[in-house]
Amino acid sequence: MASSKKQLQLDSITSFLNTSANFVLVRFERTTHGSFEKLRKELRKSNAKMMVVKNTILQKSVNKLASEKKSAHLRSLQKFTKTLKDNTAVIGLGQDWSDAIKVFHTFTKTNANVTFKVGSLDTTTYGADDLLMISKLPGKSELIGKIIGSMKAPTASLTRALTYNAQQFVYLLNTMAKKA
């Protein structure tokens, strides 16, 4: 029979994964507590939470969730959790996960002991290399800004082209009036 402490950990991890539609598993080794808390603080700003977990309990939690019908997408994650090694943390990302992944990627640039392992984003499982490439992509709000800017640019250029000659004519008249 499992100890009550481990059962509580299993329930905690299961509820954490259940409430986080998007999450990533990360590896950390020889990381100072201060830098780890700094990462947690930065992740909270982007509505993400981080939890350090035991690999075996995480595996049992994923297996439990994958057996449920609503979390069937986690079946592809099961094969990754069978071979987990090193220390593992789970980052629950929330709906807009791009900001939190960028925060974590920025942290990994300064701390080489922390890397991606595997993640589940929008019911799709990604490996470490894929998550690294995704973290380098622009975020949703950034893309929306670029789309709006590209839609606005032609109209602004047209307006400028139509008013340019009239504006130059007004400048010419003002110059002539000052000379006279």
For the stretch 116-136, which residues satisfy the criterion of being free of Cβ contacts under 8 Å to residues at least 40 places away in the same chain and under 12 Å from W97 (Cα atoms)?
-> I134, S135
So is K109 exposed (fewer than 10 other Cβ atoms within 10 Å of the Cβ), assigned by TED's automatic domain parsing to the domain that holds T19 and either outside any loop (DSSP other than H, G, I, E, B) or touching a residue at least 40 places away in the same chain (Cβ under 8 Å) (or both) or not?
-> yes
L65 vs. criteria surrounded by 16 or more Cβ atoms within 10 Å (Cβ to Cβ), without any contact (Cβ under 8 Å) to a residue 60 or more places away in the chain and under 14 Å from V24 (Cβ atoms) | no
When the stretch 9-26 is checked residue by residue, the ones that are out of contact with any strand residue (DSSP E or B) (no Cβ under 6 Å at 6 or more places or on another chain) and either of a type in the set (S, T, N, Q) or loosely packed, with under 12 Cβ neighbours inside 10 Å (or both) are Q9, S12, T14, S15, N18, T19
Scan F23, F28, F16 and give me the residue that is among the aromatic types (F, W, Y) and closer than 24 Å to P138 by Cα.
-> F23
Restricting attention to the stretch 113-122, does a residue exist that is at negative phi and not in a strand (DSSP E or B)?
-> yes
Mind checking which residues of the stretch 151-176 are within 34 Å of the chain's Cα centre (by Cα) and modelled with pLDDT of 85 or more?
-> M151
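The values are calculated or read from the model by the stated rules, or taken from the named source; none is laboratory data. Because the structure is a prediction, the values reported are computed rather than measured. With ideal geometry, Cβ positions are generated from the backbone for all residues, glycine too; neighbour counts draw on all protein chains shown.
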